[in-house]
1. Among A:Gly101, A:Gly71, A:Gly116, which is the only one that is on the phi > 0 side of the Ramachandran plot and at pLDDT 95 or above?
2. When the residues of segment A:175-192 are filtered to those that are over 21 Å from B:Met176 (Cβ atoms) and away from DNA strand D (no atom under 14 Å from the Cβ), which remaining residue is farthest from the chain's Cα centre (by Cα)?
3. Exactly one condition in (1) open to solvent by 10 Å² or more (accessible area, probe 1.4 Å); (2) among the β-branched types (Val, Ile, Thr); (3) under 15 Å from the mean Cα position of the chain (by Cα) is false for B:Val162; which is it?
4. Take segment A:211-231 and flag every residue that is near DNA strand C (Cβ under 10 Å from one of its atoms) and among the charged types (D, E, K, R).
5. For segment B:178-185, does any single residue satisfy the condition of being facing another protein chain (nearest Cβ under 8 Å) and without any contact (Cβ under 8 Å) to a residue 24 or more places away in the chain?
6. When only residues in segment A:103-147 that are charged (D, E, K, R) and under 23 Å from A:Ala158 (Cα atoms) count, which is nearest to the other protein chains (Cβ to nearest Cβ)?
7. Could you grab me the full set of residues in segment A:119-133 that are open to solvent by less than 10 Å² (accessible area, probe 1.4 Å) and part of a helix (DSSP H, G or I)?
8. Please tell me if B:Phe234 is among the aromatic types (Phe, Trp, Tyr) and within 12 Å of DNA strand C (Cβ to nearest atom).
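The values are calculated or read from the model by the stated rules, or taken from the named source; none is laboratory data. None of these values were measured; they are calculated from a predicted model. Heads up, the Cβs are rebuilt from the backbone with ideal geometry, glycines too, and the neighbour counts pull from every protein chain shown. All accessible areas refer to the heavy atoms of the entire protein, side chains included, with ligands and DNA or RNA removed. Shrake-Rupley method; radii C 1.70, N 1.55, O 1.52, S 1.80 Å.
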2 protein chains.
Amino acid sequence: MTTAALSSRPSSFSNQASKAILSANINEAGWRCHGNLWSNLREVCDLLHIAAPVSSVEEEVLFQHVRFKAGQRIHTIGQSFDTLYIVNSGFLKTVLIDEYGNEQVLSFPMKGDLLGIDGIHNQHHASEAVALSDCDIILLPYKIFTALGHTYAELEHAMFSVMSRELVREQLMIGMLSALSAEAKVARFLTNLGDRFSQLGYSGRSFNLRMTRHEIGSYLGLTLETVSRTLSAFNEMGLISVEQREICLLDPATLKTLRRLPPTKARNKVSEKVSTLVSKKLMPQWSADAAVAA
Amino acid sequence: MTTAALSSRPSSFSNQASKAILSANINEAGWRCHGNLWSNLREVCDLLHIAAPVSSVEEEVLFQHVRFKAGQRIHTIGQSFDTLYIVNSGFLKTVLIDEYGNEQVLSFPMKGDLLGIDGIHNQHHASEAVALSDCDIILLPYKIFTALGHTYAELEHAMFSVMSRELVREQLMIGMLSALSAEAKVARFLTNLGDRFSQLGYSGRSFNLRMTRHEIGSYLGLTLETVSRTLSAFNEMGLISVEQREICLLDPATLKTLRRLPPTKARNKVSEKVSTLVSKKLMPQWSADAAVAA
DNA sequence: CGGAGTCTTGACGAGATTCAAGGCCAGTGG
DNA sequence: CCACTGGCCTTGAATCTCGTCAAGACTCCG
């Protein structure tokens, strides 16, 4: 954050000199881009939304930034694991490759997300992370990070917590994949994306997609045609406005509660009449403030 | 394992007496069932397939066993979290409840599996674990376990590793849910189950299902009718023999490679002719030893 | 024996995929 | 500057898989 990083490179080193050497010669990439080459523990914790340990030593350890261009891979399947990654800026996808070479999109990480957890088990990555835009990534050497966890108990718990959060996210994903209709999947995908953008301080109503229809489809277990058709349908109904990758959510509330006609097959027989009458037009009936629609 | 546990309860206590007091009065359940009420760290590590720390202190800490009857809940959604669970024996399911009260099955844990990880994040369980048969569960108080992790670095890494493994498992689940046909899902479900049974020393070819068709369907994102029909189809084709919950895998190799006619939509156009000719009958074409079929 | 829960099987239809054709957009090279 | 190319997106029509609804059989238990 010290200005004038361009002309006087040493200045950014002045208060960090001795410790930086620890990992300085690992990778020479991204020398002085955007003036933020190293982050201390506090910055890392802020990024991950976890409470930082209140100690002075934290300033001593620095983590290196690396830049990736769109299309580049942060890690690949089978690659041996020794570091975790935090997204500092940019947009990516993580994918699985099945036995026939087809990509299966697992997530779309963005600022503040942790990558590479899948590599801890048996020391090799099970998935692949690809930059969808230019990215700034922070390297967290696993050994160093767990060592820090030993001295700061809060940090260790936070690490478990982040992994647990990731696990819960995937569980919800499984629930969504196996129980929702195509319309509901796309609707929730859009609102989730919007929510994540607003958490980052951007507009949650109006944004542009960084991924192709094909990638969205892979993520949601649909074909690209179905995704496209669904977006067009939402557009015509006035729920969103869409033009290529430019999206605007006009009625987020309705999108959030949009669902399959009978959700799986429902134990509550009460709703059946309403369901068949109203839900045909994709309108959720018992959203608290559905009166507006009429 | 000392015999005569019934009449002389004190005998099973003789060699553990002083240490057990540590946590003896936490919970009075399961007093002397099957003679194995407490496990030390080594036993726990063996169960989880992780290397146990080579120390003497480990004998000091004991973990309590609790028994659950079929239908009982180990933890419920929203319940506050403070302990992890290891399955020592028995069969369970973990489920999510969606906004309309429908169950979504997430996994079928059995011996050696770790439960409750989803609770670490924000201290409340996000899912629910239900015993499908009578179960013997080991309690791992989270605080105690992480404290042990502090003194034994291997243990901490092992904990991360187990969580990572769980994450990878869920990723594969996502891939399977969104890319495979109903037949392929059921086929892989059966072979996975078989593999898990054989890892535990049981027969991987012949076993009985502990869950209903409805639960299988929920797990795979299918209806119970589709599951039933698919099993019947496999039965007629001689791939399995099935009678109610009694399953025998007659051709595991074929089942493992069974897939959708076009897997997702395939980049490899080569296979299309073969595919349309052969795959209509659900036979995988390029399984190494497919020649047997003819 | 009767009843509840589970499983099987059939007929039908709706929703999603597949196949195909054409439009939009950006980058490239003449 | 413009035509050309390739990737991405849209839209339509035909197909098919899977879900829905319904009826009946099996099993376990009181």
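1. Answer to the check: A:Gly116.
2. Applying the filter and picking the extreme gives A:Ala187.
3. Against the list (1) open to solvent by 10 Å² or more (accessible area, probe 1.4 Å); (2) among the β-branched types (Val, Ile, Thr); (3) under 15 Å from the mean Cα position of the chain (by Cα), B:Val162 comes up short only on (1).
4. A:Glu225, A:Arg229
5. Checked segment B:178-185: at least one residue is facing another protein chain (nearest Cβ under 8 Å) and without any contact (Cβ under 8 Å) to a residue 24 or more places away in the chain.
6. Filtering segment A:103-147 for residues that are charged (D, E, K, R) and under 23 Å from A:Ala158 (Cα atoms), the one nearest to the other protein chains (Cβ to nearest Cβ) comes out as A:Asp118.
7. The answer is A:Gly119, and nothing else.
8. Judged against the criteria, B:Phe234 is a match.
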